[in-house]
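J.: Please see the structure below; I have some questions.
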Amino acid sequence: MLFGTRSGLCWDDRGNRPTVLSIGSSRLRGEFRRKVRLSQEQKLRQPDKRGEYLANTHYGNRVSVGIGRLQVLAAALLFSTGGAGIKAAAFTGLQVSALRSGIAALVLLMLLRGRVVLSPALLATGVVYGATVTLFVLSTKLTTAANAIFLQATAPLYLLLLGPLVLRERFNRRDVGFLLGVTAGLVLCVIGQPAPTTTAPDPVTGNLLAVICSITWALTLLGLRYVQRDEAKTSVGLSAVVLGNLFASLAAWPFAWPLPTATGAEWATIAYLGVCQIGLAYVFLTAAMRELPALEVSLLLLIEPVLNPIWTWVIRGERPGDFTIVGGVIIIAATAIKSVFDARVQGSEGDPSPQTQVP
């Protein structure tokens, strides 16, 4: 119902709260706007329950989001250096895996202060994640860093295929385009393998291990989704990372002896892989997930597969094949488009910012 007042205001009371539709004169409109502005300023100056001012809280939220973005970028930057670091010449793949994962497990265990979530499902997820990090190291040692990271990035392909079987998730027709794009990128990465080199001595075996790594990574993500249905604790993801790296290190140690005679720079590289490339990266990523929606985090993390081959090329002189580069671009683009589209669909269904567990 519309009605007027003596002051010249026209109100609409059809909603829960009356809404101003028009104001009679310019003088009254100016007075009304001034009162509204003063009311808003007074509201911002009033302290909330914690004794903080709402205006400062709004500014603080903007700062927190900015810091969160920098943390995700820092995590992606650290993750992307794995390819160049793993190719340290003095160490075999299993030696790198044993040392890298062992150091990372200790660093993250100290971060969690020993409070690791344990359950049968989480232990199984940790085993599969341990296989993933081991296979990634072995594949990176044998093939180019670009092939290893791009083939691992095809994990969503298997995730979509296994989700309906394991978690009873629906397969949507809109995912067909994504599957075709990722499959095309996978084929290009496999057929575009370069000739054996010093940093990629066995591309065929390395590519095969990278494909298996993408499957175990998809199983890891399925395990985390399953565990999240029963566990409400925010440390579930990091617990899986700790357990996975612990299992990977223990499994590799029997094959890592005797340790090689390496230079100080190569030992420093191995220490960096455990402390920074895994440990510190997950510290940044975990902190950022508290401030940012999952879509923004996933898109920012796509910097990792882009930078990984670049670092390896700059530091190790390793150049990926042309087909590999094209295939990688297709995989990354398909993943980015699917992330944006899925976020819009989830937002229309009432979940505008779905959160994902840190893997």
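J.: When you scan segment 167-180, do you find a residue that is touching a residue at least 60 places away in the same chain (Cβ under 8 Å) and among the β-branched types (Val, Ile, Thr), even just one?
T.: No, there is no match, as no residue in segment 167-180 is touching a residue at least 60 places away in the same chain (Cβ under 8 Å) and among the β-branched types (Val, Ile, Thr).
J.: When segment 122-166 is examined, which residues are found to be free of Cβ contacts under 8 Å to residues at least 24 places away in the same chain and either touching a Pro at 6+ places or on another chain (Cβ under 7 Å) or closer than 23 Å to Val329 by Cα (or both)? It would help to see each step written out before you state the result.
T.: Of segment 122-166, the ones free of Cβ contacts under 8 Å to residues at least 24 places away in the same chain are 160-161, 164-165.
Passing the criteria: Leu160, Leu161.
J.: Right, something else. Being modelled with pLDDT under 85, part of a helix (DSSP H, G or I) and more than 15 Å from the chain's Cα centre (by Cα): is that true of Val340 here?
T.: Values: modelled with pLDDT under 85: yes; part of a helix (DSSP H, G or I): yes; more than 15 Å from the chain's Cα centre (by Cα): no.
Criteria not met by Val340.
J.: Can you name the residue in segment 181-197 that is modelled with pLDDT under 85 and exposed (fewer than 14 other Cβ atoms within 10 Å of the Cβ) and is also nearest to the chain's Cα centre (by Cα) among such residues?
T.: This residue is Ile191.
J.: Further question: Starting from segment 70-84, take each residue that is over 24 Å from Ser139 (Cα atoms) and in the same structural domain as Pro309 (by TED's automatic domain parsing) and list its partners that are crowded, with 23+ Cβ neighbours inside 10 Å and basic (Lys, Arg), counting only C-beta distances under 9 angstrom and pairs at least six apart or across chains.
T.: No pair meets every condition.
J.: Could you list, ordered by first residue, the pairs with Cβ atoms under 6 Å in which the first is in segment 235-251 and in the same structural domain as Leu106 (by TED's automatic domain parsing) and the second is outside any helix (DSSP H, G or I) and of a type in the set (Val, Ile, Thr), at least 6 apart or interchain?
T.: Sorted first by the residue in segment 235-251, then by its partner, the pairs are Ser235/Val117; Val236/Val117; Gly237/Val358; Ser239/Val116; Ser239/Val117; Val242/Val116.
The values are calculated or read from the model by the stated rules, or taken from the named source; none is laboratory data. Here the structure is a predicted model, which is why all the values come from computation and not from measurement. Backbone-built Cβ (ideal geometry, glycine too); neighbour counts: all protein chains shown.
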